[in-house]
Amino acid sequence: MMRVRKKISILGRINGKIFLQYIFSLANQHAISGWTKSRIGFVEIEAEGAISSIIEFICIIHDFSKQLSFSVEIRFHDVKVLNSVDFRIIENDSTINKESLLTNNMVIYS
């Protein structure tokens, strides 16, 4: 099983707290590790797991975010696999791993 890690940004007007809880639950259902954080104007996620799980995770987030906002843009790219074991909601920037290696860009517009 090949593991991948994606940095995902969801841009648009979304209720951050509800959305973060949904992402946390969805990540646990799909055996995805990493983190999520709400920022002004967007939600940021780093998700790591089996490639099929990550693809499904991104597709479900895309569909759910469209229900919460009329205009949503999702951007994602590969970052270095860290072999993390849990998924968490980050409250402040001091706990985010800053190491990211940009390899592929992808944007989904809704």
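The values are calculated or read from the model by the stated rules, or taken from the named source; none is laboratory data. This is a predicted model, so every value here is computed, not measured. A quick note on method: Cβ atoms are made from the backbone with ideal geometry, for glycine too, and the neighbour counts reach across all protein chains shown.
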Q: Given the conditions (1) assigned to a helix (DSSP H, G or I); (2) farther than 19 Å from E91 by Cβ; (3) of a type in the set (V, I, T), report the number of the one that I74 does not fulfil.
A: (1)
Q: Looking only at segment 1-21, count how many residues are surrounded by 19 or more Cβ atoms within 10 Å (Cβ to Cβ) and out of contact with any strand residue (DSSP E or B) (no Cβ under 7 Å at 6 or more places or on another chain).
A: 0
Q: Can you work out which of the residues in segment 52-77 that are among the β-branched types (V, I, T) and surrounded by fewer than 16 Cβ atoms within 10 Å (Cβ to Cβ) is farthest from K6 (Cα to Cα)?
A: I60
Q: Return yes when K66 is over 13 Å from the mean Cα position of the chain (by Cα) and modelled with pLDDT of 95 or more and no when it is not.
A: no
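If I filter segment 88-95 for residues that are surrounded by fewer than 13 Cβ atoms within 10 Å (Cβ to Cβ), at pLDDT 85 or above and closer than 22 Å to I14 by Cβ, do I get at least one hit?
In the first step, residues of segment 88-95 are kept if they are surrounded by fewer than 13 Cβ atoms within 10 Å (Cβ to Cβ); the result is 91-95.
If we keep only those that are at pLDDT 85 or above as well, we get none.
Scanning segment 88-95, I find no residue that is surrounded by fewer than 13 Cβ atoms within 10 Å (Cβ to Cβ), at pLDDT 85 or above and closer than 22 Å to I14 by Cβ, so the answer is no.
If you go through segment 47-63 one residue at a time, do you hit one that is free of Cβ contacts under 8 Å to residues at least 24 places away in the same chain and of a type in the set (V, I, T)? Steps first, please.
Looking only at segment 47-63, we keep the residues that are free of Cβ contacts under 8 Å to residues at least 24 places away in the same chain, and these are 52-53, 55, 59, 63.
So of that shortlist, the ones also of a type in the set (V, I, T) come out as 55.
Yes, because at least one residue in segment 47-63 is free of Cβ contacts under 8 Å to residues at least 24 places away in the same chain and of a type in the set (V, I, T).
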Q) Only one of these conditions is not met by Q21: (1) in contact (Cβ under 8 Å) with a residue 40 or more places away in the chain; (2) among the polar types (S, T, N, Q); (3) not in a helix (DSSP H, G or I). Which number is it? A) (3)
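So, in segment 24-63, how many residues would count as being part of a helix (DSSP H, G or I), in contact with a Ser or Thr (Cβ under 8 Å, 6 or more places away or on another chain) and among the small types (G, A, S)? Even if it seems obvious, please write down each step before you answer.
If we filter segment 24-63 for residues that are part of a helix (DSSP H, G or I), which is where we start, we get 24-29, 51-63.
From what is left, the residues that are in contact with a Ser or Thr (Cβ under 8 Å, 6 or more places away or on another chain) are 24, 27, 62.
Those left that are additionally among the small types (G, A, S): 27.
Of the residues in segment 24-63, 1 are part of a helix (DSSP H, G or I), in contact with a Ser or Thr (Cβ under 8 Å, 6 or more places away or on another chain) and among the small types (G, A, S).
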(Q) Could you check segment 5-31 and list, in sequence order, the residues that are of a type in the set (A, V, I, L, M) and within 10 Å of the chain's Cα centre (by Cα)? (A) I8, I10, L20, I23, A27
Q: Residue by residue through segment 24-46, note down the ones that are surrounded by 15 or more Cβ atoms within 10 Å (Cβ to Cβ), farther than 15 Å from V85 by Cα and either without any contact (Cβ under 8 Å) to a residue 24 or more places away in the chain or not aliphatic (A, V, I, L, M) (or both).
A: K37, S38, F42, E44
